[in-house]
Amino acid sequence: MNPTSLQFDRRQTLLSLLATAAALPAGTRAFARAATPASDKFTAALVRYAQDILVLSPETATSLGLDKDANAGLKSTLSDISPAGNAAWVKHLKGMLSDLASIDRAALGQTDQIRYDTVRYAAQMGVDGDRYFYGGGANGFFGRAIPYVVSQQDGTLGNLPEFLNSQHIVTTKADADAYLARVEAMATALDQETARIASDAAQGVIPPSFIAKNALGILSEYRKRPATEQTLVTSLSERTTRLGLPGNWAAQTTALVEQKVYPALDRQIAALTKAAANASDVAGVHRLPDGEAFYRWALKLGTTTDMTAEEVHKIGLEQNREIETRLDAILKDQGMTQGSVGDRLQALTKDPKQLFANDDQGRDALIAYLNDRLEAARALMPRLSHMPLKAPVQIKRVPVDIQDGAPLGYMNFASLDGSRPAIYYINLRTTALWPKYQLTTLTTHEGIPGHAWQGAYLAEHHAEIPLIFSEMGFNAFIEGWALYAEQLCDEAGLFDKDPLSRLGYLQAQQYRACRLVVDTGLHAKRWTRDQAIQFMVQHTGRNVAAMTSEVDRYCVWPGQACGYKIGHNKILAERERAKTALGAKFDLATFNDAVVKTGGVPLSVLPTAIDQMIAAAKT
């Protein structure tokens, strides 16, 4: 994840510097170093930008634990996802670019130069995304390359109930009232999406028929459930009961769901049904207005490079072949010699010895195993990092009411105030999605030293890092780091006594190489959905159901799946460059920390940070 993950991917007033600095936590004020006119101006600008983003994206304020004190009012609101809301983002981003142009970058210190380049890159990508009327546009700081406002994995219904349940903290009556306000606002958000579904469809932007069918199934199943059984209701009711807060919170929430949310959901179902009547089965965004240009922007957003689709496709094919050779050797060592690598991996994936029982007891056992693997990886950290991060992680299954459209695994970063740990979600609609041999590497990716470790640095060192770095996230950096984290654990010996888990690790690497092939295949080479699914199943050995879910994800989030392997490749290339430059002075943990301590940057900016690490090591 997204961190993605992502699941509120809207990284979403101007106050004076002094007023803002007084209102925000220490982490937004303590990052200034030796004062110069340029550094003072830049420091003030970053504080302003951070506050503006909180106002534009109240969900971000909640996710970071900043919806309190002077920002308490944000806890009762949601982002404006209407065209007017997008226009507000564009105005903000253009103002940022104009503001940054007035700052002398050369007069900034080395760290601030990296931050300057990073923030400017993000703002420019958001402005560039405003060219496309459909999808996320500029809404979300640096753009959202999501062409369809509602799909099986995106939209208010899929995001908000779990967000309120896991991230909206309730400890007081005011918190509970804010929860109710957001449930009521959910109806407005649904209607804003509905209006965009209709306007997009009128201009030829309709999800593929198979995407629309899945999304409608999820919306309709949700609508069938009695309001009293919805997480929207039970979450607030259970929490206020535990706290002993007076008031009939269940009745109030139920009334809002029945009188506001359900009618808005009915309108959305009707609009999407009408649009879907004209849907085609073409999977790629090339069929959309200006679709080829949209994909070029999406690929740049997903990889933070200027690589072409053809270049990315070729890298995917080459690296798939290289990893298949390594997989073949391990499979033969395990006595599996017949059939292609993909065939043998499929057989292993279906092996009953690798599967947890597909019931609640089996799901509990699977999560217990994940916790064990998390601690095994955590024990390696003193060798991989010099930072004594706490990095608490909670492992949960994806909520049942959204599991049919949710990703197979994802991470929500911890809040900055320490009130909520990182949450690692795993989709267990069937345990067959996750054979045992694949779970260790998944845990190193989502947990330690992957997403949870990288996010823990932002949370536990927020006094040293501008808040804006916790409000934005570069897909290729975040996912590239997590894929690199898998490799670090292999290099540190986590799989030495577990060859099947090493097989799972290599399969995961190969899987990301195949994503390069399939994402570019769908959107630039005009592959069909079936062609993409067949390629993934044939090469990765994962089952058809899982790969269908994955391919559908690529259809509605073009370019994002390419960030993993491209980011991993870039981090490895920078590591090799540092090794060559430093020789015996190279220290792995120092390099790893230098990457994480950037706070997350475009891949085009990462070499500057490594240059600085190399120079410091030489002195």
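The values are calculated or read from the model by the stated rules, or taken from the named source; none is laboratory data. Just so we're clear, the structure is a prediction, and the values are computed from it rather than from any experiment. We place every Cβ from the backbone using ideal geometry, glycine too, and count neighbours over all the protein chains shown.
Here are a few things to note about the model shown:
- Taken together, Gly567, Gly583 contain a single residue that is in contact with a helix residue (DSSP H, G or I) (Cβ under 6 Å, 6 or more places away or on another chain) and either buried (at least 18 other Cβ atoms within 10 Å of the Cβ) or of a type outside the set (Lys, Arg) (or both), which is Gly567.
- Tally, over region 399-438, of residues that are assigned to a loop (DSSP other than H, G, I, E, B) and among the aliphatic types (A, V, I, L, M): 5
- When Ser415 is tested against (1) under 30 Å from Gln507 (Cβ atoms); (2) surrounded by fewer than 24 Cβ atoms within 10 Å (Cβ to Cβ), only condition (1) is not met.
- Residue match in region 317-337 (condition: among the hydrophobic types (A, V, I, L, M, F, W, C), part of a helix (DSSP H, G or I), surrounded by fewer than 19 Cβ atoms within 10 Å (Cβ to Cβ) and under 31 Å from the mean Cα position of the chain (by Cα)): yes
- Residue match in region 144-161 (condition: of a type in the set (Lys, Arg), at negative phi and at pLDDT below 95): yes
Residue-wise test of (1) buried (at least 20 other Cβ atoms within 10 Å of the Cβ); (2) touching a helix residue (DSSP H, G or I) at 6+ places or on another chain (Cβ under 6 Å); (3) over 28 Å from Ala212 (Cβ atoms); (4) at pLDDT below 95.
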site	(1), (2), (3), (4)
Gly362	no, yes, yes, no
Leu374	yes, yes, yes, no
Pro382	no, no, yes, no
Ile402	yes, yes, no, yes
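- Matching residues, region 197-223, being in a loop (DSSP other than H, G, I, E, B) and buried (at least 18 other Cβ atoms within 10 Å of the Cβ): Val205, Ile206, Pro207, Pro208
- Meets criteria (of a type in the set (D, E, K, R), buried (at least 21 other Cβ atoms within 10 Å of the Cβ) and either at pLDDT 95 or above or under 30 Å from Leu288 (Cα atoms) (or both)) for Arg267: no
- Residues satisfying the stated conditions in region 461-500, i.e. in contact with a Lys or Arg (Cβ under 8 Å, 6 or more places away or on another chain), in a helix (DSSP H, G or I) and modelled with pLDDT under 95: Phe469, Glu471
- There is no residue in region 440-453 that is over 22 Å from Lys353 (Cβ atoms) and in a strand (DSSP E or B).
- One residue from Thr254, Thr194, Thr228, Thr240 being surrounded by fewer than 15 Cβ atoms within 10 Å (Cβ to Cβ) and in contact with a helix residue (DSSP H, G or I) (Cβ under 7 Å, 6 or more places away or on another chain): Thr228
- For Pro466: the one exception among (1) touching a strand residue (DSSP E or B) at 6+ places or on another chain (Cβ under 9 Å); (2) closer than 28 Å to Asp67 by Cα; (3) surrounded by 24 or more Cβ atoms within 10 Å (Cβ to Cβ): (1)
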